[in-house]
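Down below is the structure, laid out as structure tokens.
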Number of protein chains: 2
Amino acid sequence: MTKYAIGVDFGTESGRAVLVDVANGREVATAVYPYLHGVIDEKLPDSTVLLEPDWALQDPEDYLRTFQTTIPAVLKESGIHPADVIGLGVDFTACTMLPVKADGKPLCLLPEFRNRPHAWVKLWKHHAAQPEADKINMTARQMKLGWLDRYGGKISSEWFFSKTLQILDEDPEIFQAADRLLEATDWVVWQLTGVETRNSCTAGYKALWSKREGFPDKSYFKALEPRLENVVDEKMTRTILPVGNRAGGLTEQAAVWTGLHPGTAVAIANVDAHVAVPAVGVTEPGSMVMIMGTSICHMVLGDEEHIVPGMCGYVEDGIIPGFFGYEAGQSCVGDHFAWFVEKCIPAEYEREAKQLGSDLHQLLEQKATKLKPGESGLLALDWWNGNRSVLVDVDLTGLLIGATLATKAEEIYRALIEATAFGTRVIVDTFQKNGVPIHELVACGGLPEKNKLLMQIYADVSGLPIKVSASKQTPALGSAMFGAVAAGKAAGGYDSIYDAARTMAHLKDEVYKPIPENQQVYEILFSEYLHLHDYFGRGENNVMKTLKKIKAEVKHVAG
Amino acid sequence: MTKYAIGVDFGTESGRAVLVDVANGREVATAVYPYLHGVIDEKLPDSTVLLEPDWALQDPEDYLRTFQTTIPAVLKESGIHPADVIGLGVDFTACTMLPVKADGKPLCLLPEFRNRPHAWVKLWKHHAAQPEADKINMTARQMKLGWLDRYGGKISSEWFFSKTLQILDEDPEIFQAADRLLEATDWVVWQLTGVETRNSCTAGYKALWSKREGFPDKSYFKALEPRLENVVDEKMTRTILPVGNRAGGLTEQAAVWTGLHPGTAVAIANVDAHVAVPAVGVTEPGSMVMIMGTSICHMVLGDEEHIVPGMCGYVEDGIIPGFFGYEAGQSCVGDHFAWFVEKCIPAEYEREAKQLGSDLHQLLEQKATKLKPGESGLLALDWWNGNRSVLVDVDLTGLLIGATLATKAEEIYRALIEATAFGTRVIVDTFQKNGVPIHELVACGGLPEKNKLLMQIYADVSGLPIKVSASKQTPALGSAMFGAVAAGKAAGGYDSIYDAARTMAHLKDEVYKPIPENQQVYEILFSEYLHLHDYFGRGENNVMKTLKKIKAEVKHVAG
């Protein structure tokens, strides 16, 4: 009897479910729910409360609506009987976190807190907690705490305790009212199972936890901010479950939402990028997995523990049990191109795209493909949304150099793609130099499907072959694999993620290989990129920060 | 009996005539002729001959058509009798030069040379003669020749001998066939008067001539290139007439073209920027005149001789007799904004402008006016078309820094305006530091009419008040003034340009004054601009040149 698992992938703008054949990974049905409130970055829904710059919130009800919409849809589309669905896994953006009551009720759903920005879900790309991140880093450095090294020497404003401290700093009443502070991915699993669990992946990568040392000591939290001293015991938990485990079974309530049977196995919560690794068949060191969408997450497994400067972190058993899972990231990739297409493309191109029946991205890709490396004379730093790895600095901004009066939109577009490829190259080189070998790239996510030019440029710039996931929804497939592991072999699933990966993960036949003559030009351009990267990114010229500071001051005075 | 003079101003895209009342400078009628072939920068007219990058040519017949069209038009519009027009002056872009036969026939009008790019007029912004400019500079430096100091230590690829040497280098047959090489401004005066004359302004500012020393020595030209040894004697002349003189009277042929009487006084040829100085009433040191259009020319008079690094040059009697006329320039101002509006403004803005019944420039100005200094977080280097003063380097390119995913078109637009204002500030400061005092700016040209925001930004950035010409066609007015001087007092004109300026030049009542709180922010931004200016412009990081070099190589291989 064929068995199935469902993976639900919570993205930045939408959630998607995929129903997968456990025997071979075949994706039988897919459904997408575009969040009603999407990314909340201007004002709170149904309210006049405006948000400060750099804020990015979400509505937790959008997550429940994702379950309620997409799972019934895949069941209906496939005609599969719910009894044949043996397991369910979820993955999420991270760190995406929220304050809730003891019963799991999000504070933003309580009428008294609905108009309080800090009551809502803080999305991964909420960047307003930089002062808090600075304080976390400074305090750890002053106390000479070794765990900072696990995170490339610096943690980001995106992370759990930066966001937590921002709530406390700016709205202590919300902090006080929150019985629990947790990752959205753990929260949705709680909603499915009725049991609050915490997963090792977000705890390790985003909340300073490690398998060997646990969370930082109370004395550290106290030094950071006296009211945080007991944050772990009061609002979190020290019980962290490894990914690959079973969180529980579906509640009656969740069964009604989804149309699945009560008791269906639910996997411990996971993160979109991390579930993608086994979903492209990577369960060994040497292959860097890139999840390429609005941003890029880079994942690589290592046999040994290495300190790699400027990565996002490494967590033992964080991706695949038995290995150190190393993570790095670029905060602005697809977002970059979307900004450019929305903000900088002249009407003439829109008309041309309409005539050709293509969209602007396709038109630009088509025009940019005709250019040779170096032909535009342009070079960019891909920091429109700051730099995650290896500089870990959200206050860095974008740079374009080389423009002339003959510069065309497709040239800038290509320069932006190249800039993100150089950004990946910096990450690959940094891993290599620090003892984490990489001999190939394996890509998944939306961009590899959409943009062949981009993939070729990444191969040319990195000098590495790039394989591509056969799945169009790799994280959802990965979550379904973890769902099958949560169900276990006895129920028709698997006993380990290795076993699941062997049969359920697939790559396309097509491989992007570096083209030697392109590599030659890109080597020169990359050395120029690196020069600018270090000059503007490592403190020699802090003009980007000065500009940001003036901007903030002027806005403050104007406001 | 009221007397009139006509000024004809040859711009980059069109020529315009203005008919002026000699008694008070009142502009009675104006006519514009948009050149049929405009700027020729892709392929030769009616031909398949393509041009290399950085080329910019013109058609000399467009200049004759300007006379044939605009002068009859202003006579007709005004109803003035041709007998009451006592003088005619012309001004031109410079260095805009061409090769002609002994009778004045341009080589490009001869069928055998029509398909040879070097036979055409090289427009001021023809930038393909950089190797030649480099050689001219290097040779002069090696020979320790003092005249280089008169030009800020470096001459530009735009200048007369750079362009001349390029013809010789790339098409020696054209060089050989040219009996005369001359500025277009002298050529059009020749067409009007039948007499070949050479003016002191272009000779001084563009062709290395000085009142005291004449042209560089033959030994220099020989060292530069043996075939150039006798270029002055063979294809030019050593007889240079000061501006303010009479070149001759209108020929029968030119009288037919224009509808004026034969024998009407014609002034010695002049340059658009230089005629503007008396036309805004400036005949003394201390006021810097800015002719603001596609580019900016900065003109200031000095009592003494000073070496100012990176200016375009100084010429004794070059603007106003009795003073040293100092010139500096920015090669990309209006062109900058035009590029941006054409290449980078999304369709949404086009629709909004249409709805409001305004054009895109107006819409952007309106949106950008709402921003405070520093609010965009952006900073640009205004080098989309190289840097004329003070770096004298056409291989520099544009830079934009500080972009984020929230950056909007109007913010970039304002940053580009600010960048050009910072460029002017560098020029003002350099003059001040080197003994040429400046206590006010006087603006004319198209931009001050069109863009109040820009004018205020220039006042805020420079910290100087800006007065504005009352004329919408200041150079044409200036040329008419020189026409009235060529006619002389006895004929109803003036005996000197001082006398003409006293009655014919007018300024608007409105003065742009620096706003202290804006100045404060701009001081910080300017210091950041200067830092980047020196870093990328003075050799510390030559990435712009590396990119240009790769671009040229790639295009060469591709071609």
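The values are calculated or read from the model by the stated rules, or taken from the named source; none is laboratory data. Just so you know, these numbers come straight off a predicted model, no measurement behind them. Glycine gets a Cβ as well: all are built from the backbone with ideal geometry, and neighbour counts include every protein chain shown. Side chains are part of the model used for accessible areas, which takes the heavy atoms of the whole protein and leaves out ligands, DNA and RNA. Shrake-Rupley method; radii C 1.70, N 1.55, O 1.52, S 1.80 Å.
A few remarks follow.
- Semi-axis lengths, largest first, of the ellipsoid equivalent to segment A:273-326 are 17, 14, 9 Å, with √(5λ) applied to each eigenvalue of the Cα gyration tensor.
- Kirkwood hydrodynamic radius of chain A, Cα pairs, Å: 23.9 Å
- With contributions of -39500 (n - 2.57) from each DSSP H run of at least four residues, the per-residue ellipticity at 222 nm computed over chain A stands at -12000 deg cm²/dmol.
- Projected onto their three principal axes, the Cα atoms of segment B:1-77 cover extents of 54, 21, 13 Å, largest first.
- Note: segment A:169-302, Cα convex hull, 160 Å³ per residue.
- For chain A, size of Cβ-based charge dipole, Lys and Arg +1, Asp and Glu -1, in debye: 120 debye
- Each Lys and Arg adds +1 at its Cβ and each Asp and Glu adds -1 at its Cβ; summed about the Cα centre, segment B:436-559 shows a dipole of about 580 debye.
- Chain A against chain B buries an accessible area of about 4600 Å², both chains summed, 1.4 Å probe radius.
- Net length gained if the chain between A:K489 and A:E440 were fully extended (0.36 nm per residue, minus Cα distance): 14.5 nm
- Shielding value for A:342-355 is 5, the average number of Cβ atoms from other chains within 10 Å of each residue's Cβ.
- What the pair-distance distribution of segment A:109-174 shows, using all Cα-Cα distances binned every 5 Å from zero, is 3, 18, 24, 21, 14, 10, 5, 4, 1 percent.
- Cα extents for the protein assembly as shown along the principal axes, largest to smallest and rounded to whole angstrom: 113, 56, 53.
- All lysines inside 20 Å of B:K135 as judged from Cα atoms, apart from same-chain residues fewer than 8 positions distant: B:K122, B:K125, B:K144, B:K154, B:K163, B:K206, B:K218, B:K222, B:K545, B:K548, B:K549
- Normalised per residue, the accessible area of segment A:1-151 is 38 Å², obtained with a 1.4 Å probe and no contribution from ligands, DNA or RNA.
- For segment B:54-112, the fraction of alpha-carbon pairs in successive 10 Å shells from zero, as %: 15, 40, 28, 15, 1
- Multiplying the residue separation of B:E449 and B:T369 by 0.36 nm and subtracting their alpha-carbon distance yields 27.2 nm.
- FRET efficiency, B:L36 to A:S14 (Cβ-Cβ, R0 45 Å, nearest 0.05): 0.20
- Angstrom value of the Kirkwood radius, inverse mean 1/r, which spans all Cα pairs in segment A:228-347: 17.4 Å
- Cα point-scatterer Debye curve for segment A:418-559, base-10 log of I(q)/I(0) at q = 0.10, 0.13, 0.19 Å⁻¹: -0.56, -0.79, -1.09
- Solvent-accessible ranking of B:D317, B:D495, A:D41, B:D382, largest area first, probe 1.4 Å: B:D495, A:D41, B:D317, B:D382
- Computed from the C-beta positions of A:N230 and A:R538 and an R0 of 45 Å, the FRET efficiency is 0.75 to the nearest 0.05.
- Centre separation in Å (Cα based) which lies between segment A:372-432 and segment B:391-426: 18 Å
- For A:M143, the distances from its label point to the matching points in the remaining copies are 7.5 nm, ordered from shortest, with each point set 7 Å beyond Cα toward Cβ.
- Proximal lysines to A:K467, defined as alpha-carbon separation beneath 24 angstrom and excluding residues fewer than eight positions away on the same chain: A:K370, A:K372, A:K433, A:K450, A:K452, A:K508, A:K513
- Once the gyration tensor of the Cα atoms in segment A:293-389 is diagonalised, the equivalent ellipsoid follows with semi-axes of 37, 14, 12 Å, ordered largest first.
- Of interest is the spacing of the C-alpha centroids, which for segment A:104-181 and segment A:42-71 amounts to 18 Å.
- Sorting A:R26, A:R502 on solvent-accessible area from highest to lowest, probe radius 1.4 Å, gives A:R502, A:R26.
- Difference of contour (0.36 nm per residue) and Cα-Cα distance, B:K43 to B:E170: 44.0 nm
- Inter-chain shielding of B:367-379 (mean C-beta neighbours from other protein chains, 10 Å cut-off): 4
- Alpha-carbon centroid distance for the pair segment A:216-240 / segment B:454-528, whole angstrom: 68 Å
- Percent carbon-and-sulfur accessible area, segment A:241-321, ignoring ligands, DNA and RNA, probe 1.4 Å: 52 percent
- Protein-only accessible surface at a 1.4 angstrom probe places the residues A:H37, B:H439, A:H127 in the order B:H439, A:H37, A:H127, largest first.
- Beta bridges by DSSP in the protein assembly as shown, antiparallel share as percent, to the nearest 5: 70 percent
- Per-pair calculated FRET efficiency, R0 = 56 Å: B:K211 and A:I524 via Cβ, rounded to 0.05: 0.70
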